[in-house]
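Asks: Handing you a structure now.
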Amino acid sequence: MAAMMKAAVFIEPGRIELADKPIPDVGPNDALVRITTTTICGTDIHILNGEYPVAKGLTIGHEPVGVIEKLGSAVQGYQEGQRVIAGAICPNFNSYAAQDGAPSQDGSYLIPSGRCGCHGYKATAGWRFGNMIDGTQAEYVLVPDAQANLAPVPDGLTDEQVLMCPDIMSTGFKGAENANIRIGDTVAVFAQGPIGLCATAGARLLGATTIIVVDGNDQRLGVSKTMGADITLNFRNCDVVDEIMKLTGGRGVDSSIEALGTQGTFEAALRVLKPGGTLSSLGVYSSDLKIPLAAFAAGLGDHRINTALCPGGKERMRRLMNVVASSRVDLGVLVTHHYKLDDIVSAYDLFANQRDGVLKVAIKPA
């Protein structure tokens, strides 16, 4: 009889529950990782609400910190018992999409099942955990293409310090990278949830000298100051578009980053953008977007709109952990609550309803 583990599974819209599932078998290119810490993401709430479809019975979660329990026969350079993380995005780096510079969009592993053609290009398919395959809110997770996707955790870094690397930090920093930020730029970041806070930190690291952040939560605006924000605006207290245009002398910002995924934040991010500026979109949208004609200058404003699914792979994770180890940014402060895996339904309730000042919840199986 197969050994069993506890896992948080999607039952139906509105229901994610703890269940018993078999511990996965390890193929030659896989690694079985025993989870020591994971977390809940805003995307998991989209799944819970039925706004992002996944298969019933799928284990949710895509942010793993753990220890290698068992290695596949073809995986080299790692040891069982080694502390590791893996990116939320875990592509096959031999794929066409990866070699074309878009590994996050790799669906090559879906070709045999007939779920992907076009040489393996499939939007968002690089995101496997808790989307295409069983995820990380469990006692164990199977990491595919492990040699390309496992990243050793440097000695001295805690689980909480690296917990943001697999997704939140990688996504937020990608938002800043996609914003084409240059030294001396003025940048507006819309929404200061965990991803927006990481985008703020990334903008500072890339050389922005005036960072304006927008949110409706004064606690989060306070945290944004520690991430590098220069000016904080609460949209409940002012017209943020007017205020940002005043702050920039009518010029607009060089770059804007949208980190929530609503029509309102997307539109505001476009309205404050200078001609020739870049809008970097990170939000997961759940309905059609409309582009306002005047803000878009009828399509003649030399604007650039970049979207992103965060990069994965061991090199991306290594670089992010370097940033953490250097103390250039402390993302451990984003972990505001701790729960046992046994109590994950309560953790979802807290996080989904944004109670008690929650930013990120550390989930520990043991």
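Asks: Every residue in region 130-144 that is more than 12 Å from Lys21 (Cα to Cα) and open to solvent by 40 Å² or more (accessible area, probe 1.4 Å), please.
Replies: Of everything in region 130-144, those that are more than 12 Å from Lys21 (Cα to Cα) and open to solvent by 40 Å² or more (accessible area, probe 1.4 Å) turn out to be Met132, Ile133, Leu142.
Asks: Taking only pairs six or more apart or across chains, which ones have beta-carbon atoms under 7 Å, a first residue in region 341-365 that is under 21 Å from Ser224 (Cα atoms), and a second residue that is among the hydrophobic types (A, V, I, L, M, F, W, C) and in a loop (DSSP other than H, G, I, E, B)?
Replies: Phe351/Ile40; Phe351/Val358; Val361/Ile40; Ala362/Leu163
Asks: Do the conditions hold for Leu197, that is, is it open to solvent by less than 10 Å² (accessible area, probe 1.4 Å) and touching a residue at least 12 places away in the same chain (Cβ under 8 Å)?
Replies: On the way: open to solvent by less than 10 Å² (accessible area, probe 1.4 Å): yes; touching a residue at least 12 places away in the same chain (Cβ under 8 Å): yes.
Against the criterion (open to solvent by less than 10 Å² (accessible area, probe 1.4 Å) and touching a residue at least 12 places away in the same chain (Cβ under 8 Å)), Leu197 qualifies.
Asks: For residues that are open to solvent by 30 Å² or more (accessible area, probe 1.4 Å), assigned to a loop (DSSP other than H, G, I, E, B) and either without any contact (Cβ under 8 Å) to a residue 60 or more places away in the chain or farther than 20 Å from Asn322 by Cβ (or both), tally how many sit in region 70-92.
Replies: 7
Asks: Does at least one position in region 275-288 carry a residue that is out of contact with any Pro (no Cβ under 6 Å at 6 or more places or on another chain) and free of Cβ contacts under 8 Å to residues at least 12 places away in the same chain? Full working, then the answer.
Replies: Let us first name the residues in region 275-288 that are out of contact with any Pro (no Cβ under 6 Å at 6 or more places or on another chain), namely 275-288.
If we keep only those that are free of Cβ contacts under 8 Å to residues at least 12 places away in the same chain as well, we get 288.
Yes, because at least one residue in region 275-288 is out of contact with any Pro (no Cβ under 6 Å at 6 or more places or on another chain) and free of Cβ contacts under 8 Å to residues at least 12 places away in the same chain.
Asks: Take Ala203 and decide whether it is surrounded by 20 or more Cβ atoms within 10 Å (Cβ to Cβ), part of a helix (DSSP H, G or I) and of a type in the set (Gly, Ala, Ser). Reasoning before the result, please.
Replies: Numbers: surrounded by 20 or more Cβ atoms within 10 Å (Cβ to Cβ): yes; part of a helix (DSSP H, G or I): yes; of a type in the set (Gly, Ala, Ser): yes.
Considered against the rule, which asks whether it is surrounded by 20 or more Cβ atoms within 10 Å (Cβ to Cβ), part of a helix (DSSP H, G or I) and of a type in the set (Gly, Ala, Ser), Ala203 comes out as yes.
Asks: Here's another thing I want to ask about it. Please verify whether Thr43 is modelled with pLDDT under 95 and of a type in the set (Val, Ile, Thr), treating the condition exactly as stated.
Replies: Numbers: modelled with pLDDT under 95: yes; of a type in the set (Val, Ile, Thr): yes.
Considered against the rule, which asks whether it is modelled with pLDDT under 95 and of a type in the set (Val, Ile, Thr), Thr43 comes out as yes.
Asks: For region 206-220, enumerate the residues that are closer than 23 Å to Val324 by Cα and open to solvent by less than 10 Å² (accessible area, probe 1.4 Å).
Replies: Correct list: Ala208, Ile211, Val213.
Residue-by-condition table, conditions (1) out of contact with any helix residue (DSSP H, G or I) (no Cβ under 6 Å at 6 or more places or on another chain); (2) at pLDDT 95 or above; (3) within 26 Å of Glu51 (Cα to Cα):
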residue: Asn237; (1), (2), (3): yes, yes, no
residue: Gly250; (1), (2), (3): yes, yes, no
residue: Ser256; (1), (2), (3): no, yes, yes
residue: Thr262; (1), (2), (3): yes, yes, yes
residue: Lys274; (1), (2), (3): yes, yes, no
residue: Thr278; (1), (2), (3): yes, yes, no
residue: Gly301; (1), (2), (3): yes, yes, no
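The values are calculated or read from the model by the stated rules, or taken from the named source; none is laboratory data. Note that the structure is a prediction, hence the values are computed from the model and not measured. Note: ideal-geometry Cβ built from the backbone for every residue, glycine included; neighbour counts use all protein chains shown. Calculation scope for accessible area: heavy atoms of the full protein, side chains included, ligands and nucleic acids excluded. Shrake-Rupley method; radii C 1.70, N 1.55, O 1.52, S 1.80 Å.
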